[in-house]
Amino acid sequence: MGIGMDAYEQMGRELFEKSQGAPILLIGMGGVGGRIVAQIDKMLAKDSPRRDKVAILAIDTNVKDLRKLREQGIETIQISDERLVRQYLKDHPQYMSWFPNNIFLNNRGMLEGAGQIRAISRLAALAAEEEGKFRPIEEAVRKIAAVTGSGLKENIMTMVVGSICGGTGAGMFIQIPFYVKKIIQKVLAIPNVMVRGMFLGPDIMAPIQPGDLNRQAVYVNAYACLKELNAFYLLQRRDASSSLLRMEYYDYGENEDLEAEVMESRQMYQAIAKDLSSKGVAVLDEEIPEEVQEEYLKRNGTIPYDHLFLFDSSFNGGTIGQKQLAEVERMIASMAYVHLLTDVGENALSVEDNFILSTIGSNGMARFGSAGLCKIIYPGEQIMQYCSMRWITELVDSYWMRIDKRFEEELILAREEQAMNPRIQLPGIIERYQEIFLEETSGEHASMASLYAQVFMQSDDGTDFSLADRFLEQIEEMIEDATSKESLQRLGESCMDISIDQWIQSPEAARQGVATNKQSIRNYRAAVMKVIDDTKYSLPNQMIPATLSAMIQMSDRDSCISQILGRVHPIAARYLLYAILEQTAARAREANEDCFGLELDLISKADYDISGKNPGLPIEAILGKRMNRKQMRQVLEVYEDASGRTAANLTAYLSAQLRANVYETLQKRLEKLCDLYRRFFNVLESSTEDLRRQIRELKTMGRQSSVGEQYICCSESCLETLYERFALMCQNTGAELPQESARMILRNIYGEMELELKKNNMEDRRREDMAYNNRMRTIFNQAVAEVMQQKAREQASSVVEISIYDAFALEMQTELGIVREHDRDRYDAMLDAWIKSKVSAAMTMAQPWIGICNTVGATTMSVYLAMHPDNAVRMDNTPSVEATAARYLKERTTPQGHAVTVLIHDNFRQNELICYKARYNLLIENLDKFKREGEAHRYYEQRINRIGQLPGTSRESEIITVINPHLNKYWCEEGFLPSIYPSQRIVDEKNNMRAFFYALTLEKPCCVRLKNTKGKISWWFLRGMDTIRVKAAGVPIGSSYADLYEAMKFNRDMKYTLLYYGKNHLHRIKAQSMQDQLEQEIYTQPIIADMIQQEKEPDDENMLDIFEKMSRSMESAQFNRLLEGLAQFIREYCEYMFDKDEVKVIYACRNIRNAIATFSKLYQRSKQEKLTYREEHLLSVFLELYEEDDMADSNAGLSKVLYDTDDPDAEAAVAKDEPGEKIFTDDYDDLA
């Protein structure tokens, strides 16, 4: 438990301790819900001690979205089916009883997703459950139960998140919580389970819709969800088993009439509730009585959500503005995380349990709420990125690019001079780069001196020599080794094995000696050529391999160039490459010059004709002629000279040609490497431009903070101050690039060289340029930027990684220019005021995201200030709640009187202060976005009135406008889902009564009559030429008057048509009557005459006789309300006819009453026989109508009776005189 449990927090300690560390089941429904739980999963560290106690699942139809979640490690459930809707319904005909009748839906594929049609989501969920796809929910419950142990089974915390606006999540809005309750009850063997909900409202989802019709559908679905939820909440007050609401996994229970128990529980709870509302705190002074808890749990099974958090884009005192949905989802995830998985949650959940239990005192209806969060964030990570990126860009500009920039400046000047003097030579990059490098690195105070040490070493005699020289020496040594092989030397020596003295012994000996020598020359030549061919590539491949794989394979050899380039900074590597290239090119030219003019066949070209008689003859021909020994010696001496010079030339050729070939090959590869390194450095500028763009974005982080976030210490002046300190700490880090980075750059550049060498044409090169630049940028980011950023972080972390308190202090110092050393008392006072003003502003921003009506009474709110212990004030080396509160808060209560709970725990981040508010105890009618005048109600009513009509087009957005938004095609009727407004429920009951009276008294073209059809008597609605059988939930109703009255709330169209025709009928009667004749004519007017039935047909029945029949089957309370409704109907009729002349109204009402009674069969029988108690009581009550004094108030009679309803919220609405509809309203016009 976090620090913060001082005196005022001891309230609810027991529940707090129970909830601490409780297992959590978090379910995201639909796309929104899936993304929110994914964010929460990321916030919950993988090594968190609570990780094993948290199960996260996502349910959706979208395959791509679910795949992303699975890749993140989140358990997913895809609800869909490969069949068309009509095919699935054909296989499951039982679902046709509730699925909307719509040809467009029937031909829809269930794999297409719900598409804002909630009933499809419900159907898809059933298909998924049937296939066992919901098994992960049970497995998750079992897993966290096993980890937690049996001691905490009763406190499993379940939260469902999503949106009530779409199709998938909104379609499972009622279904899934019931399913989860069933599973947890089954797995953990506990009787009752609490499920909480957290859902986005329509104001957040509407702006992202593609068109007006989709936008309206968002409001319609949201309204439908809450209306359904409200209907289930209303079931808490009566026997749920008699409810017409049916939903999968719903436990109807066997709640008897618990009114007496409810009253007793309310009395027990009264003291607690009073203290709760007066303090406005988030906890209770004493435990909820056990009896109250038991009472709550009796009713718990009949409701989907025990508490529901709703979030709107605008609310009392503020708005989140036009934010991207992803940003809103991230913030909702933050609130859910704080609420569930931090010390705020540990406290808030126990408080929430108390509030949920307390709803028994508000008839179980005050279950709505919301939350608001504002984090005061010191964005240390972003600031670290800003400082390190800026340091890298400046390092690249001032260090990496220094030589290139100097060269570019010189080149520009040289070009300008050359324009005036063509004899001016432009500087070459090869020579000039080396010169500038030595200038910048030589000397004791050179800014790049460390690079000199990487390139140059000291010889034994104290002179410096470079790695380039050593590399070139190695090349020469390898060439020397290749040309001085013993076998090759023996072949060369054999060419010199000439013995003229022996050869002149005979012509035959001479010819044999020459032949042997020629063969030796040929052998030597072949060997020379073979050495050249074998070595001209093998030797360069050892020094500068042609492929990356070969380079990696030879990288551990001293002769390989990776031995020097992979160990030095890329700047030094370029210097070495240019130095080696310069020498290599020179040596290649020198070797080619040495090869020039070397004759490799002087023997055949020698002139052996000593006599001058046989010019051009080969030596063999000359030796075949007769000659003396002296002549022979002369000929052989010529041959010996030619042979010796040929052998010498072959030796010289071997050395020169091999060197030429090797150096030319190396030169070609070096040129590629130099060019690639140069291009790599050219790419640095565009790479740093990317960094500069990020720096510019980070520079505005304070202005771009997300909703619910308040950044501190990130103004431009604060960032500049922090960067100056950061750069100072990193000033000696410039040249220290790790060898691994140098090797990474070398390997990547080598790979590019391999590609370059394989390119066949210019088109290949042009096509690859852009790809090369992108690859080089990646190399820079990986090998340089990231590495140097990490080094900078390590070097200067102490500058940026500061506490919230230090960040506040730095911000104030920078913004106000105040230094503590100048005036400590003034500084401390100003810092105290600065911090408290920031926290106060954050508290104001942390308003719960819910708009409530101004008429709402005081609601309860929990307010928290939470932080890491590092940000708390310590007393005796222990974080102190009181001292911390004194540092950060102006007052311990908000301006609205809510106490602020300070929580200190290490599960909060060090760089954040969290201001969190949770609002509770809201009734649905308190929600501003769902008031009668709002968009949600208006669009909902428009949709209900269009159900079943043909859409304007076949576009999906048009089709939606005629589809029932509810989970059951009949739930648009009041009999299933009463109005969410208590005062409207009274009006609806009055309208049902009015419509019933009109149904019995109106004549064609609009009335309701009994008809005998095939021997069955049933009610039929006659409207114009249409005759429609009266049904309720698709089933024909019974033939009694009570059945007809009950049917009014299941036949919206019939009811409003009757009201419309009834209103017009009254208008017509009044317009046709003379005012002075009304008193006499009113009894003969059709409606009143039908009630009296003075001249009745055999089948006609008097209104009192009708009521007598109804009293036999109706509940007494309902019958009494209907009887009072009749009295009210007659009175309002008379008020309209007599323009509210009270004397005439009362007189007419009493006379109509008397006439109805007089001509009733009941009254006639009372004169002839003794009535039953029920009949006598009815006649007595009827004759007492309009005799009470309070009838002067036209609403008093019905209101008085309705006070005795089973709807206490409606009673309260009447008591507050909330406006309701009068009988003569224009609202029926459109509805009819």
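Here are some notes:
- Leading residue by the ranking (surrounded by the most Cβ atoms within 10 Å (Cβ to Cβ)) among those in region 610-626 that are under 17 Å from residue 504 (Cα atoms) and without any contact (Cβ under 8 Å) to a residue 60 or more places away in the chain: 622
- None of 713, 718, 730 is out of contact with any strand residue (DSSP E or B) (no Cβ under 9 Å at 6 or more places or on another chain), closer than 30 Å to residue 403 by Cβ and hydrophobic (A, V, I, L, M, F, W, C) except 730.
- Residue count for region 434-474 under the criterion of being among the hydroxyl-bearing types (Ser, Thr, Tyr) and part of a helix (DSSP H, G or I): the result is 3.
- Some residue of region 510-526 being among the aromatic types (Phe, Trp, Tyr) and within 27 Å of residue 433 (Cβ to Cβ): no
- The condition of being touching a helix residue (DSSP H, G or I) at 6+ places or on another chain (Cβ under 8 Å) and either among the charged types (D, E, K, R) or assigned to a helix (DSSP H, G or I) (or both) holds for only one of 637, 724, 689, that being 637.
- Flag if residue 197 is touching a Lys or Arg at 6+ places or on another chain (Cβ under 8 Å), modelled with pLDDT of 85 or more and either polar (S, T, N, Q) or within 30 Å of residue 933 (Cα to Cα) (or both): no
- Within the set 197, 166, 201, the sole residue that is out of contact with any Leu (no Cβ under 6 Å at 6 or more places or on another chain), among the small types (Gly, Ala, Ser), in contact (Cβ under 8 Å) with a residue 60 or more places away in the chain and within 29 Å of residue 330 (Cβ to Cβ) turns out to be 166.
- Filter result for residue 1086 (in contact (Cβ under 8 Å) with a residue 60 or more places away in the chain, surrounded by fewer than 17 Cβ atoms within 10 Å (Cβ to Cβ) and either under 30 Å from residue 244 (Cβ atoms) or not polar (S, T, N, Q) (or both)): yes
- Scan of region 188-201 for residues that are β-branched (Val, Ile, Thr) and surrounded by fewer than 18 Cβ atoms within 10 Å (Cβ to Cβ), ordered by number: 190
- Restricting 415, 423, 390 to residues that are of a type in the set (D, E, K, R), part of a loop (DSSP other than H, G, I, E, B) and more than 22 Å from residue 441 (Cβ to Cβ) narrows the list to 423.
- Flag for residue 991 being in contact (Cβ under 8 Å) with a residue 24 or more places away in the chain and in the same structural domain as residue 1124 (by TED's automatic domain parsing): yes
- Condition met for residue 465 (touching a residue at least 40 places away in the same chain (Cβ under 8 Å) and either not aliphatic (A, V, I, L, M) or not assigned by TED's automatic domain parsing to the domain that holds residue 584 (or both)): no
- Inspection of region 467-487 identifies no residue that is of a type in the set (Val, Ile, Thr), surrounded by fewer than 12 Cβ atoms within 10 Å (Cβ to Cβ) and modelled with pLDDT of 90 or more.
- Whichever residue in region 529-576 is of a type in the set (A, V, I, L, M) and in a loop (DSSP other than H, G, I, E, B) and, among such residues, is nearest to residue 455 (Cα to Cα): 568
- Residues of region 28-65 satisfying the condition of being assigned to a strand (DSSP E or B), under 19 Å from residue 200 (Cα atoms) and small (Gly, Ala, Ser): 28, 58
- Residue satisfying condition, being crowded, with 18+ Cβ neighbours inside 10 Å, in contact (Cβ under 8 Å) with a residue 40 or more places away in the chain and not aliphatic (A, V, I, L, M), within set 694, 657: 657
- Residue count for region 475-528, restricted to those that are outside any helix (DSSP H, G or I) and closer than 16 Å to residue 650 by Cβ: 6
- Residues in region 1120-1140 include at least one that is in a loop (DSSP other than H, G, I, E, B), assigned by TED's automatic domain parsing to the domain that holds residue 1183 and either within 22 Å of residue 996 (Cβ to Cβ) or of a type outside the set (Asp, Glu) (or both).
- Considering 377, 392, 332, the condition of being in contact with a strand residue (DSSP E or B) (Cβ under 9 Å, 6 or more places away or on another chain), at pLDDT 85 or above, outside the structural domain of residue 934 (by TED's automatic domain parsing) and surrounded by 23 or more Cβ atoms within 10 Å (Cβ to Cβ) is satisfied by 377 alone.
- Any hit, region 822-833, residues being surrounded by 22 or more Cβ atoms within 10 Å (Cβ to Cβ) and not charged (D, E, K, R): no
- Filtering 633, 626, 693 for residues that are over 30 Å from residue 543 (Cβ atoms), modelled with pLDDT of 90 or more and out of contact with any Asp or Glu (no Cβ under 6 Å at 6 or more places or on another chain) leaves a single hit, 693.
- Odd one out for residue 1001 among (1) out of contact with any Leu (no Cβ under 9 Å at 6 or more places or on another chain); (2) exposed (fewer than 13 other Cβ atoms within 10 Å of the Cβ): (2)
- Which listed residue is hydroxyl-bearing (Ser, Thr, Tyr), outside any loop (DSSP other than H, G, I, E, B) and more than 33 Å from the chain's Cα centre (by Cα), from 979, 983: 983
- If the condition is being buried (at least 19 other Cβ atoms within 10 Å of the Cβ) and more than 26 Å from the chain's Cα centre (by Cα), then region 202-239 contributes 227, 228, 229, 230, 231, 232, 233, 234, 235, 236, 237.
The values are calculated or read from the model by the stated rules, or taken from the named source; none is laboratory data. All of these numbers come straight from a predicted model, not from anything done at the bench. So basically every Cβ, Gly included, is an ideal-geometry build from the backbone, and we count neighbours across all protein chains shown.
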